[in-house]
Structures are given as C-alpha cells and as structure tokens.
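Here's the structure we're looking at; comments come further down.
Just so it is clear, none of the values below were taken in a lab; they were calculated from the coordinates. None of these values were measured; they are calculated from a predicted model. Cβ coordinates were reconstructed from backbone atoms using ideal geometry, including for glycine residues, and neighbour counts include every protein chain displayed.
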Amino acid sequence: MTGTGTALGAPAVRREGRRKVTGGARYAAEHPLADRVHARPVPATVARGRVTAVDTAAALALPGVLAVLTHENAPRLAEPDDPTLAVLQDPGVPHRGWYVALAVARTPEEARAAAAAVRVEYAVEEHDVTLTADHPEAYEPETANAGYPARREYGDPDGAFASAPVRVDVTYRVPPLHNHPMEPHASTARWEGDRLLVHTSSQGGTAVRATLAALFGLPEDRITVDTAHVGGGFGSKGTPRPDVVLAVMAARETGRPVTVALPRRHLPAVVGHRAPTLHRLRLAAGADGRLTGLTHEIVTHSSRVKEFVEQAAVPARVMYAAPSSRTLHRVVRLDVPTPSWMRAPGECPGMYALESAVDELATALGTDPVELRVLNEPEREPDSGKPFSSRHLTECLREGARRFGWDRRDPRPRSRAEGPLLVGTGVAAATYPVLVRPSTAEARALPDGTFVVRVNATDIGTGARTVLAQVAADTLGVPLERVRTEIGDSDLPPASLAGGSSGTASWGWAVHDACTRLTGRLGGLTGRLPDEGIAARADTAGRADADSPYARHAFGAHFAEVTVDSVTGEVRVRRMLGVFAAGRILNARTARSQFIGGMTMGLGMALTEGSTMDPAFGDFTESDLASYHVPAHADVPAVEAHWIDEDDTRLNPMGSKGIGEIGNVGSAAAIGNAVHHATGVRFRELPLTPDKVL
Ligand code: MOS
C-alpha cells in the first residue's frame, strides 16, 4: 500500500524502490559523463616503511593511460582532520594497502592494467600487527570513541568480586569485521571552471563538501556533492574516504571527469573495519542473583595513522544495576589499517561479550537468563545516575519470551537432540543510545496543493525519502502523496549524516519544524499562492544537540534457536526473534527491514564473519566476499522483528528513537548462548565456525 492518508507509522513503500530495481537510480560510479575517465589506486605491498622510488614509465606506455599520480606529482592537499585522507602526500607507508599511486585511463580495464604496471620500491621496516591483551604498547587513552571517557569506576569492583558468592570471570574475543556494503565506495568528480561537482557514495554529503572544501582550499558554495543513491555503508561511508579525494585530484590533474570505484578487495585496508576487541568480564553476584560488581575491560587496536578506540565497554555503563563497577578501554597502535565505524560501533561487540557473560552468570546461579536480566534492571542509568526517558527492556524480554515460546524450554544444556543435531535456544538484550544532531530543512507549499520538503539527508537504503515525507505529511495534515522530498544533494539545506541511528530523528525534527512554520504562514493567507509557492525553513541547532536531563536509549531482546551438528560442527540458526522498544516507529515496513537487517548482520558475526590479520604480510586475509562470509539467503531462517510502542516525549517531536543499529546489538550473543544451551560448551571466540565447534 502506497500512502493513503498521513499515518506516521504506516508501512509506506520506498519511493525510489522501483527506480532501484529497474536500474533507473544512478549510483556514484554510474554517471556517463562525456569524456569521463577512470582511475585505479595502487595499494602498498609492504606493512611498514616508505616508498623510495616509483617507476611509472611502463604504465604510462599502456593504451589509454592519461596519468599516474604519486606522492611526487599529486596535487598538494591542506592537512586533513582525518589523516587517512592525506593520500599521495608523502612517501610513508603506515600499513599494507595504503595507496601509493593512482593510474588514470580511458576505461576501467585500462586503468586496472596501468595500476598493475606501476613499479614501486620500498624501504621496508619491521612491522607488528598482532593484538594481544598484554601487549607492551597497550595504553589507556583519554577517551574512547564518541567522546566517552575511557575509564569509569565507582564503588569497589575488585573487593566486590573477591567477596562475592557467585562469580564469572571470562574473556571473549571478537575478531576484526568488515562492513562490505553491496556498493563498494565510489566517486565521480568533475571540475567546471572553478566549480567542483562530485557524485559520491557517502552517508553524509554535507560533511563530504566541508572536507573537500578544506582539503582543496575552496569555498563550500563552489562544491556540489550528490549522494542521491547509496548502496549501503554500515558506517564505512560515515566519513569521506580516499576514493573521493583521489577522484577530485585526478579530475583536476587531467581536466576530465574521473570515476574512482574501489575494488572490493581494497576495502578492508582503506575504508575502516570493526577493530578486534579482547574482553575481560568479571561479574559478581549474591546468591539471590543481584549483581554486586560488574567489570568490563577491553583491549583493542588502532593504526599508526590515528587513534580510534572501539567503545565496547560503554554499554556496560547502561545495562545493569551494580553498586561497584569498572569499565575501561585500552588500545594498542599497530601497523594495521585504520579501524573505523561499523554498525553499532562499541555496542555491538561490547554487548556480545557482556550478554554472553550474563548468560554464564545465569548458568552459574541456576537462574533463568530472562529473569536474571529483569532482576538486575536499574532504576536509573547506572553510570550517570540520570533517569531514563523511557526504558522497556523488561517488556521486550517478556514479550519476546511469550512470542518465542521460552516457557517450553528445558534449561538444562544439551537436553535436546534430533538425531545428530543438538538443539538449543538463547536470549540476549540489546541497547543503543538515542543520538540526534542539528539539521536544517525547508518546506514549501505550491499553488497546486502539493508540498516539497528539502533537506540534505542521505538514503543509504533505509527509505529516508519515504519516512521524511511521512513526517511532513503528518505535520502538515495532508495526504502522503501530496508531499515530495528532495534529499541527497549538498545544495539542499545542510543536514547531519546517516549514522549513529540518528538520521530520521535529526532530519525529521527539522522537517517537522519547517512544516509547522509553513502551516503557520499558510494559516494567515487567502487566495492562490504565488507561482513559486510559500516556503519556511527550520534549523534545529541548539535544540537537537542540547544536553538532556534524561538518559535516552533504545532497548531490545533477542531470542534464537540453533542446531549444532555433532558430526560436522556446523551451527545453523533455525529462527530469530527480536522485540524492540525504540520510541515511536515511523514506518512499519522500513523499520522492520532495519531490524531484521541488523539481526542478520548479527547472525553473520556469530557464525561466519571474521577477518584474520596475517602476521607476515600485515594485512587482512579475508578481503573479498569469497573468503569473508556474510550470510546468504539459505543461512537466514525465519527472522521476526516486533516492537513495543513507546510514548516518549523527551526525544524529538516525532517521539522516535534510532532503529538502524540496535538489531545488530546482542543478536550474536543470543546465538552464542543458544549454542551453549545446545552443546553445554562455551565458545568465547567468534565466529562459531565448524573448526572451533567440533
Ligand atoms: Mo553507523 S556505524 O553509525 O553508520
């Protein structure tokens, strides 16, 4: 059903869906501009060192080749805020896969051949890419990502642990993970005089424009960044990547429009990855099951290029009441590619470990894991002492248990078998913070009775065009089909990125306010509107970013049923069920798709996804989809997502929380806990591949 009526919450279909499936929607590499050429980057083949010579003669002699850029001849950039963008500026090689040259040619095939013909010599230095919990260079940073303090401590966590009658002291390991969106990173750039036009695959075009302006010394109003269609990002497109910088450089150098479409095998080294995390958890409880101490300490890696600290101990500051707690992050800077954002950074690996350890505590206590969680629900946010704006974790657990049939479960491990298959079920909780950022939107009423909403939002596959039209139609009190949305263009009013599950809340708030103002203006008018219509604009700066006296988070509960083949060690998921409390759900269809997408990503994390750092080469071994296994359709069973309606007035005018990431939080733990229930064995290192399980 396409929208009839306003119905915020209605399952309106994606407005660009037809264009996407028929090929009409153009992605960043698909703009067939006259004279367009293609560029292919050359990755470093050593893990640490410097370039001593680049011989481009053979490459330049190949057919169709226009140029080869290196650190010696590439345009100079202003120093970027993000040092991963300082490409071809100096001879240093901070990790394997770092770009050392760029070949530009008429066709993608000619560019690839030219890139392969570039000869690079290096002075090689010793490298270290191996993360260990006791690495001598591990240190405690000031902050983990997103500005969270690296360490929080209250009460006497060590004393509480020493004196507790029931204890769990365990280590968990999450390997490096890769984002691998369907559309690899790509950009097309062209200069028209002193104007720069860029099509790029990014989660936020406003930020790309600002970054390019700073790097190339241009005023922002001479740059247009088009992000009309983006084939996923999962965080890896949350910041500009080398492809866009290289495309702009090559376009300036050759005077032609240039496309840089990164081959998938380059992605792990240059677009970020989820850093591996080594977890140590100590849970102390009384015989009644109440936590007396909770300690979550993590060690992770970053690159020599910049400090990036996966904030994996942060969710332990939100989840459970414990009078004593320590949560801390340590990091080691290694000669590895720079990690970055990947769906639910921090919460996803952190909750995998925490929710697995809570399951271990339930086993140690002989308590039902649903009841143990309910018992340890905090009155206020443990870390800040703030009241929650709303928290319905207990309701999610209860509703999930009811729908899943949890009461039919025999709690004894290894109690259920079907021939060679061991069958088990597991549960885990989910949490994700409510984030919102300032944005600007314009709403216009046209004389034909239709409305246009303009905001530089980005649709990374989520359905942003559709849900923003719903917000506008609801605010204006008009049918959905009378509202058109314009997004994905930096000439539109500036907006925040599609990240941190904050897009809809941030853009929707601005859209809501612009529409409210417009309604006010229209109220005083009589007669026909002028041809250009009547417009109103709203900017949420100072409000969307204001501190809240409330702790604001979404919560959820995951349930999973697995079979473990006792002959092959193969784990299959039979069914997954999630129940979420994420404020008001604005579009039932696209929300469900976000939830089950996140849950599917958790399934991959639990069973198949994992990357290995090769100590000899200093690079990820699994760099394409043939070796890095994401779930295929046959791996994904019945996945159900449900939600509990929350009426939370302390969020934004729509009352929504973010939904893009929470499905990915805790789902791997529910599967791991089900594997323990099936087998009676705890596996504390992901993924649960047959070689580990057998
Ligand atoms: Mo998401 S990792 O915040 O794009």
ask   = Roughly speaking, what is the centre-to-centre gap between region 573-591 and region 388-418 when only Cα atoms are used, to the nearest Å?
value = 16 Å
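If you put +1 on each Lys and Arg Cβ and -1 on each Asp and Glu Cβ, how big is the dipole of region 437-539 around its Cα centre, in Debye rounded to 20?
Roughly 220 debye for region 437-539.
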ask   = Counting DSSP beta bridges with both partners in the chain, what percentage is antiparallel, nearest 5?
value = 75 percent
ask   = Taking the Cα centre of each part, how many Å lie between region 21-59 and region 233-259?
value = 9 Å
inquiry  = Below 13 angstrom from the Cβ of Pro108, what's the summed charge of the other residues (Lys, Arg +1; Asp, Glu -1)?
reply    = +1
inquiry  = I'd like the Karplus ³J(HN,Hα) series for region 652-664: coefficients 6.51, -1.76, 1.60, θ = phi - 60°, whole numbers in Hz, and an x wherever there's a Gly or Pro.
reply    = 7, x, 7, x, 9, 10, x, 10, x, 10, 5, x, 8
query = What is the Cα centroid distance between region 644-672 and region 154-173, reported in whole angstrom?
reply = 29 Å
key: Extreme residue, positive dipole direction of region 437-539, given options Leu522, Gly449, Pro438 (C-beta unit charges)   = Leu522
inquiry  = Cut-off is 10 Å between beta-carbons; in what order do Glu137, Glu646 appear when sorted fewest neighbours first?
reply    = Glu137, Glu646
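Please list, by residue number, every one of the trypsin sites (Lys or Arg not before Pro) in region 583-614 that is coil in DSSP and has at most 11 other beta-carbon atoms within 10 Å.
Loop-located and lightly packed - none at all.
Could you size up the charge dipole of the chain around its Cα centre, putting +1 on the beta carbon of Lys and Arg and -1 on that of Asp and Glu, and report it in debye to the nearest 20?
Using Cβ point charges on Lys, Arg, Asp and Glu, the chain gives about 1300 debye.
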query = DSSP loop GluC sites (Glu not before Pro) in region 93-129 with at most 12 other Cβ atoms within 10 Å of their Cβ, which ones?
reply = Glu125, Glu126
For Thr292, residues with placed amide H under 5 Å, excluding near neighbours = Ala284, Ala285, Gly286
note = For Arg330, other-chain or 5+-apart residues with amide H closer than 5 Å (H placed, Pro excluded) are Ile298, Val299, Thr300
task = Would you please name the trypsin sites (Lys or Arg not before Pro) within region 44-85 that are DSSP coil residues with at most 16 other C-beta atoms within 10 Å of their C-beta?
result = Arg76
ask   = From the residues Met249, Gly286, Tyr320, which one has its Cα farthest along the dipole of region 186-340 in the positive direction, the dipole being from +1 and -1 charges on Cβ of Lys/Arg and Asp/Glu about the Cα centre?
value = Gly286
query = Within the set Lys306/Lys657; Lys237/Lys657; Lys20/Lys237; Lys237/Lys306, which residue pairs have Cα atoms separated by over 24 Å?
reply = Lys306/Lys657
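What FRET efficiency, computed as 1/(1 + (r/R0)^6) with R0 = 30 Å and r the Cβ-Cβ distance, is obtained for Asp647 and Asp81, rounded to the nearest 0.05?
That gives a FRET efficiency of 0.15.
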ask   = Taking other Cβ within 10 Å of each residue's Cβ, how do Phe683, Phe451, Phe580, Phe617 sort, fewest first?
value = Phe617, Phe683, Phe451, Phe580
